[in-house]
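Throughout, read-outs are computed from the coordinates displayed, never taken from laboratory work. Treat the numbers as computed from the prediction; the structure is a model and nothing was measured. Here the Cβ positions follow ideal geometry from the backbone for every residue, glycine too, while neighbour counts run over all protein chains shown.
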Amino acid sequence: MNDTTDRDLTVAGVALRFGIVALTLGTAYIHSTLGGLLFTLNATGYAVLAIAMIVPVSLAIRFRWLIRLALMGYAATAIVMWAIQGPYYSTAYIAKGIEVALIFLLVVDFLRADGNPVKVVKREVKAGLAKVGLRPAEGAASI
């Protein structure tokens, strides 16, 4: 398990997390004011991911790396879908700017807290396979 609690409680860690949550809630607010089911669901997804970034539940802390990746993918998907289908008005450009800044802060936070994303995913897949008995745990003697 990658325990980054000490790094998360530094001034830089708290400021970075605050920025991520503020940008996430900002874009959630913009989407919530636009009306329609798609925008409301988008706002709800951002709000849930913002809460997941700060909730002090051990499961959320353990898989914070996955929450970061999910939020990056969510914001990137919103940007791509907007580019494909629009609408292209000034508030949309503000929301997309917030989402680009959000992705940047999430990348910085991921690298600071977890390191190389490929190694993190490999480590977690290996640990998951060991839990279900498909692979021996690290350090286990082979027969």
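Computed values, structure above
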| item | result |
| --- | --- |
| Percent RCO, i.e. relative contact order, over the chain, from Cα pairs under 8 Å lying at least 6 residues apart | 25 |
| Debye, to nearest 20: dipole size of region 50-143, +1 on Lys, Arg Cβ, -1 on Asp, Glu Cβ | 320 |
| Relative packing of 25-37, 122-134, which averages over residues the other C-beta atoms within 10 Å, highest first | 25-37, 122-134 |
| Dipole axis of the chain (+1 Lys, Arg; -1 Asp, Glu on Cβ), positive-most option in 67, 37, 11 | 67 |
| Difference of contour (0.36 nm per residue) and Cα-Cα distance, residue 11 to residue 82 | 22.1 nm |
| Ordering of 112-119, 86-93 by burial proxy (mean other Cβ atoms within 10 Å per residue, highest first) | 112-119, 86-93 |
| Calculated FRET efficiency for the pair residue 131/residue 111, C-beta based, R₀ 25 Å, to 0.05 | 0.40 |
| Axial C-alpha extent at least 20 Å, average Kyte-Doolittle at least 1.0 - helices from the chain (DSSP) | 11-32, 37-54, 64-85, 90-113 |
